[in-house]
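The next block holds one structure in the form of structure tokens; read it before the comments.
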Amino acid sequence: MIFVDACFGKETPHTPIWMMRQAGRYLSEYMAVREKAGNFLNLCHAPEMAAEVTLQPIDILGVDAAILFSDILVVPNEMGMELQFLKGEGPKFPKPLETVEDLENLDMEASKKLTYVYETIELVRKDLAPEKALIGFAGSPWTLATYMIEGGGTKTYSKVKKVIYSNPKYMETLLEKLTVVLIEYLEKQILAGVNAVQIFDSWAAALEKDAFFKFSWKYMVQIAETLKAKYPHIPVILFPKGVGAYLDGIYGNFDVFGVDWGTPIELAKEKLGDKYVLQGNLEPTRLYSKEAISEGVSHIMETMQGKRHIFNLGHGMLPDLDRNNAKFLVESVQNYK
Ligand code: CP3
């Protein structure tokens, strides 16, 4: 698999490409399946339909890897937290974590309840061409903890930061619990058939440098190193979004570092390119224009020179973009000379 080879820094016939949020609302085929499922969470719970939307970008765009269709928030949901996806509002936990009792009540057996995810993986792997990789994923402990304490998206992170600075033990207990569950969850994804795993730390940039390493990175590395010790043939990709100023401190045994669009790719190459394969980092809104795509692709490809690089966006695709532009991006990268 060219994607897996590239994760290990091997030479490949072309730079592989996939896109974060490549399955989603910009595809009418996705909207049709979501309609049939009733809503987004039902779709995550229905292996046949989740497998179908996982495969859509492979057929439609020709990307080199599929990413499991699910969401990072199914984990806290199965740990016992009610979860809602309200139209136009994003995800919500109506009863966020507050008390020590809330923490004690979290179900540490959650990975055993996520059977619909493992079934989706088995179905996708059966239908996916052998040369295409399937990527499994999870949210980072910090990003999940933020949602669980804030109850949803936030601009200030005030609740979760109040916990960090006024009751760090509470936070550490929560992060440790999530780390245990996430290791089991990713391990079960590997056993079901994923060829690589990515950990999304979408809220990394909410933390100042020392706090990022203490409350987020440490746990991501713990997950990565536990998986690498047991499954050395499965690449581990870590994607902490928005930490371009902290690259000097990045450490640990994992394979691929995901570069967000706010971090210049040449800076990431200089700081981390010898230690890790880099994934990224086209600014997602460049997908609105073919010219902007070509310019962005040239810059990234010239910098990386087809070595130790996986092409991706620097964050997820947006719902209102034109699939023809996405296809143009995939072809531009795969045929780049
Ligand atoms: O194609 C893929 O990338 C695979 C599927 C995937 C989804 N969510 C599907 C989804 C993946 C990998 C995720 C990860 C995820 N989910 C993250 C980390 C990546 C990131 O974007 O930073 C986060 C923070 C979440 C939480 C989440 N889920 C949010 C904030 C939202 C709403 C935002 C929005 O775009 O509306 C979701 C919903 C969601 N997850 C959608 C999809 C396709 C849209 C749901 C819909 O169909 O309405």
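The values are calculated or read from the model by the stated rules, or taken from the named source; none is laboratory data. Note that the structure is predicted; figures quoted are calculated from it, not measured. We place every Cβ from the backbone using ideal geometry, glycine too, and count neighbours over all the protein chains shown. Note: areas computed on protein heavy atoms with side chains; ligands, DNA, RNA excluded. Shrake-Rupley method; radii C 1.70, N 1.55, O 1.52, S 1.80 Å.
Looking only at the stretch 317-326, how many residues end up being exposed (fewer than 15 other Cβ atoms within 10 Å of the Cβ) and not acidic (Asp, Glu)?
Residues in the stretch 317-326 being exposed (fewer than 15 other Cβ atoms within 10 Å of the Cβ) and not acidic (Asp, Glu): 2 in total.
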With the first residue restricted to the stretch 42-68 and required to be among the charged types (D, E, K, R), and the second required to be away from the ligand (no atom under 11 Å from the Cβ), Cβ contacts under 6 Å at 6 or more apart or on different chains are Asp64/Ile2; Asp64/Phe3; Asp64/Pro16; Asp64/Ile17
Out of (1) at pLDDT 95 or above; (2) surrounded by fewer than 19 Cβ atoms within 10 Å (Cβ to Cβ), the one Asn39 does not meet is (1)
Exactly one of Val259, Val277 is crowded, with 19+ Cβ neighbours inside 10 Å and either over 23 Å from Asn195 (Cβ atoms) or within 16 Å of the ligand (Cβ to nearest atom) (or both), and that one is Val259
inquiry  = Looking at the stretch 154-166, can you tell me whether even one residue there is farther than 30 Å from Asp64 by Cβ, open to solvent by less than 10 Å² (accessible area, probe 1.4 Å) and aliphatic (A, V, I, L, M)?
reply    = yes
Conditions (1) touching a residue at least 12 places away in the same chain (Cβ under 8 Å); (2) part of a loop (DSSP other than H, G, I, E, B) -> Pro232 fails only (1)
Residue count, the stretch 115-171, condition among the β-branched types (Val, Ile, Thr), within 20 Å of the chain's Cα centre (by Cα) and at pLDDT below 95, comes to 1
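Sort out which residues of the stretch 42-52 are touching a Leu at 6+ places or on another chain (Cβ under 7 Å) and surrounded by fewer than 21 Cβ atoms within 10 Å (Cβ to Cβ), and write them in order of number. Walk me through how you get there before you give the answer.
The initial filter retains those residues of the stretch 42-52 that are touching a Leu at 6+ places or on another chain (Cβ under 7 Å), namely 47-51.
Pro47, Glu48, Met49 - these are the residues of the stretch 42-52 that are touching a Leu at 6+ places or on another chain (Cβ under 7 Å) and surrounded by fewer than 21 Cβ atoms within 10 Å (Cβ to Cβ).
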Those helices (runs of 4 or more DSSP H) completely within the stretch 51-124 that have 3 or more residues that are on the phi < 0 side of the Ramachandran plot, away from the ligand (no atom under 15 Å from the Cβ) and not hydrophobic (A, V, I, L, M, F, W, C) are 100-104, 110-113
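In the stretch 170-206, what count of residues is obtained for those that are acidic (Asp, Glu), surrounded by fewer than 21 Cβ atoms within 10 Å (Cβ to Cβ) and in contact with a Ser or Thr (Cβ under 9 Å, 6 or more places away or on another chain)?
Qualifying residue count, the stretch 170-206: 2.
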Scanning the stretch 95-127 residue by residue, those surrounded by 15 or more Cβ atoms within 10 Å (Cβ to Cβ) and free of Cβ contacts under 8 Å to residues at least 24 places away in the same chain turn out to be Asp102
Report task. Inspect the stretch 70-90 for any residue being crowded, with 19+ Cβ neighbours inside 10 Å and of a type in the set (Phe, Trp, Tyr) and give the result as yes or no. Result -> no
- Mind checking whether some residue in the stretch 262-272 is under 19 Å from the mean Cα position of the chain (by Cα) and open to solvent by 10 Å² or more (accessible area, probe 1.4 Å)? yes
Note on Thr226: of the conditions (1) touching a residue at least 60 places away in the same chain (Cβ under 8 Å); (2) surrounded by fewer than 23 Cβ atoms within 10 Å (Cβ to Cβ), unmet is (1)
Tyr288 passes all but one of the listed conditions (1) without any contact (Cβ under 8 Å) to a residue 24 or more places away in the chain; (2) under 17 Å from Leu313 (Cβ atoms); (3) exposed (fewer than 15 other Cβ atoms within 10 Å of the Cβ); the exception is number (1)
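Could you list, in sequence order, all residues of the stretch 1-36 that are within 13 Å of the ligand (Cβ to nearest atom), of a type in the set (A, V, I, L, M, F, W, C) and surrounded by fewer than 18 Cβ atoms within 10 Å (Cβ to Cβ)? Spell out the reasoning first.
Taking the stretch 1-36 as the starting set, the residues that turn out to be within 13 Å of the ligand (Cβ to nearest atom) are 18-36.
Going one step further and asking which of them are of a type in the set (A, V, I, L, M, F, W, C), we end up with 18-20, 23, 27, 31-33.
The answer is Met31, Ala32.
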Going through the stretch 61-90 in order, the residues found to be touching a Gly at 6+ places or on another chain (Cβ under 6 Å) and under 14 Å from Asn39 (Cβ atoms) are Gly90
Cβ pairs under 6 Å, 6+ apart or interchain, first in the stretch 138-157 and in a loop (DSSP other than H, G, I, E, B), second among the aliphatic types (A, V, I, L, M) and open to solvent by less than 30 Å² (accessible area, probe 1.4 Å), ordered by first then second residue, are Ser140/Ile199; Ser140/Met220; Tyr157/Ala206
